Amino acid sequence: MTPFHSPAEPLLGVQLLAATAAHDYEYWKSRLANPGLLRDAVAVALYRLPLLAVPVGTDRRGGLMDMADPVFAEELADALRERPGFDQVTASGQVVRWGEPMPEGLAPDARRRFQGLREEPRYGPCIRPPAGHGGRDEGARSWPPLPGSPPDRQPTPPRVVVAAGAAHA
């Protein structure tokens, strides 16, 4: 008997894509002090959801990405080692780090500067921070989006509320 292989299996694993393919590209673009770093950034697709890996340089001293599994972390570390701006790449457990290690006990503003992030995003605080890597920005605490933020960023309200079990099959 031959084992069944799902058609999705070849898509699992780490794939490097163009930076603009990343789900969080606009988030990083609006927050980086030096958006020129995006030229050497790559989208890292794991389970078909690409997130941005931003290289170090100028005022960005280090970066990290959580890969959910040590096997994927090693695979990503190997893929990043030859790329410009991804110096001193290490995989420890499920986390991949590059650049300088972040000093312990940094204040939020110092942590943001270490990661090369602006004090305030260019387009306002309406873009939610990405999950899964060091992209957490302590300044982005406006969930849900603020009134007056772009309409395409507002959640669509439900048209009809139906009690559970009352919907027609």
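Structural remarks
- Considering each residue of region 89-109 in turn, none proves to be open to solvent by less than 20 Å² (accessible area, probe 1.4 Å) and among the basic types (Lys, Arg).
- Residues satisfying the stated conditions in region 9-24, i.e. at pLDDT 90 or above and part of a loop (DSSP other than H, G, I, E, B): Ala22, His23, Asp24
- When region 103-147 is filtered for residues that are modelled with pLDDT of 90 or more, in a loop (DSSP other than H, G, I, E, B), in contact with a strand residue (DSSP E or B) (Cβ under 9 Å, 6 or more places away or on another chain) and not small (Gly, Ala, Ser), only Gln115 remains.
- The numbered conditions (1) in contact with an Asp or Glu (Cβ under 8 Å, 6 or more places away or on another chain); (2) surrounded by fewer than 18 Cβ atoms within 10 Å (Cβ to Cβ); (3) at pLDDT 95 or above; (4) of a type outside the set (A, V, I, L, M, F, W, C) are all true for Asn34 except (3).
- Counting the residues of region 46-70 that are open to solvent by less than 50 Å² (accessible area, probe 1.4 Å), of a type in the set (A, V, I, L, M, F, W, C) and more than 10 Å from the chain's Cα centre (by Cα) gives 3.
- Residue within region 73-82 that is closer than 19 Å to Arg112 by Cα and of a type in the set (Gly, Ala, Ser) present: no
- Single unsatisfied condition, Tyr27 versus (1) open to solvent by 20 Å² or more (accessible area, probe 1.4 Å); (2) out of contact with any helix residue (DSSP H, G or I) (no Cβ under 6 Å at 6 or more places or on another chain); (3) modelled with pLDDT of 85 or more: (1)
- Only residues that are farther than 21 Å from Ala21 by Cβ and in contact (Cβ under 8 Å) with a residue 24 or more places away in the chain were counted in region 58-90, giving 7.
The values are calculated or read from the model by the stated rules, or taken from the named source; none is laboratory data. The shown structure was predicted, so the numbers you read here are calculated from the model rather than taken from an experiment. Glycine also receives a Cβ, built like all others from the backbone with ideal geometry; neighbour counts cover every protein chain displayed. Heads up: the accessible areas ignore ligands, DNA and RNA and are worked out on the full protein's heavy atoms, side chains in. Shrake-Rupley method; radii C 1.70, N 1.55, O 1.52, S 1.80 Å.
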